[in-house]
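Every number in this text was worked out from the coordinates using simple rules, so none of it is lab data. Bear in mind that the values here come from a model prediction, so they are computed numbers and not experimental data. Positions of Cβ are backbone-derived with ideal geometry, glycine not excepted, and every protein chain shown enters the neighbour counts.
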Amino acid sequence: MVTRLTARFPWIVAPSTLGAPFGLPRLRATPFGEQGWDALVVEVIAVAALAAVTGAWTRRTLKRRPALGRVRAGRSAWVGFILGAAIANALRAIGAGTAMGFGPVGYGVMVVLGMLSGTVWGITLGWIPGMAAGVATARGESRPPAAPTTPAK
């Protein structure tokens, strides 16, 4: 899927040609190829940041507007995924910049390119959690109140 996507829309890989992390962070149990354990730790932290930011943004929107429709819930998850992907790729760029020993300017450029790459990939693939949030949200209904925790007398 990624090969077909990048072949049809080559602008998706433009930030990666300048050294930014490619795609979204991957969750692995062991380092990939010749990468060290430090690269694996950065990837796992980036995955956790992506999930946390996406979930927190979607939860925030659902708490602020409990009677949220499917489309707005989907858009909220999509925006949360874009923010999460930008933060996750910025973390990955920090790890790569540290490993490469960039100076302050190169380090800053690497982080900005990482955020740009994450934003592009978040826009491209954010419809997946957006669809999931839209399907999981009941149309126009508010959430039922929580059940009382104390027994009735």
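The table below gives the values:
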quantity	calculated
All Cα pairs of region 37-136, percent lying beyond 25 Å	27
Relative contact order of region 4-121, defined on C-alpha pairs under 8 angstrom at six or more residues apart (%)	35
Full-stretch length increase - R4, F22 - with 0.36 nm per residue and alpha-carbon distance subtracted	5.0 nm
Stretch gain in nm, segment R59-V44, where the contour uses 0.36 nm per residue and the Cα spacing is subtracted	3.2 nm
Segments 74-84, 23-33 sorted - mean Cβ within 10 Å per residue, highest first	74-84, 23-33
